[in-house]
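The structure under discussion appears below in the form of structure tokens.
The values are calculated or read from the model by the stated rules, or taken from the named source; none is laboratory data. As the structure is a computational prediction, the values presented were derived from the model and not from experiment. FYI the Cβ positions are ideal-geometry reconstructions off the backbone, even for glycines, and counts take in every protein chain you see.
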Amino acid sequence: MARFEINSTDTATMGGETRADTFCDMGLMYATGRGCAIDLVSAHKWLNIAAIKGSDRAAELRADLAQTMTKMQLAAALRAAREWMTIH
């Protein structure tokens, strides 16, 4: 899995259908802790965005991840995804 820089999210919003895959990879990165600390809220956020952008795989992973999260974590992840989608 690739490492993502902070500005990866900015370039990922610029056209193209493969962007959902980029967001899915980011979700997996945070879920597994590859190159970063495990962060379930961020993982769910990016998987949610990928699912919204059309990734069926991300939708499945998001559902699996949600089963391991608290209601507070889920609420924070949904807020973060909504905020990101509003800005981008």
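Values as computed for the structure displayed
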quantity: Failed item, numbered, when G35 is tested on (1) on the phi > 0 side of the Ramachandran plot; (2) at pLDDT 95 or above; calculated: (2)
quantity: Residues of region 18-66 classified as of a type in the set (D, E), surrounded by fewer than 15 Cβ atoms within 10 Å (Cβ to Cβ) and over 17 Å from L78 (Cα atoms), total; calculated: 1
